[in-house]
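*Asks:* What follows is a single structure, and I will ask about it in a moment.
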């Protein structure tokens with residue numbers, strides 16, 4: 001789900017892609033922001049990039 005958020009999809013679009021309700025997506029999105037300690041989408045994207053880079057060989 002994090003990659004879909006970073007890609008700029010709305011809760012509704014993510015919900016359709018994952019067969020979840022937009023409200024469920026909203027809850028998971030909020031949990032991701034809290035877990036990654038991101039206050040904005042820009043911070044979330046930076047943290048996601050760092051995670052992806054750390055996993056790269």
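*Asks:* Once all Cα-Cα distances of the chain are split into 5 Å bins that start at 0, what whole-number percent is in each one?
*Replies:* The percentages, shortest bin first, are 4, 20, 29, 22, 15, 7, 1, 0.
*Asks:* Sticking with this structure for a sec: Find the relative contact order for the chain and round it to a whole percent, using C-alpha pairs within less than 8 Å whose residues are 6+ positions apart.
*Replies:* Relative contact order, the chain: 30 percent.
*Asks:* A further question on this structure: Taking Cα atoms, how many degrees apart are the long axis of helix 41-55 and the longest axis of the chain, rounded to 10 and kept between 0 and 90?
*Replies:* So the helix axis and the longest Cα principal axis differ by about 60 degrees.
*Asks:* Relative to the longest principal axis of the C-alpha atoms of the chain, give the angle of the C-alpha long axis of helix 22-35, reported between 0 and 90° and rounded to the nearest 10°.
*Replies:* The angle comes out at about 20 degrees.
All of the numbers you see were taken from the coordinates with simple rules; none came from a lab. All figures in this text were calculated on a predicted structure; none of them were measured in a lab.
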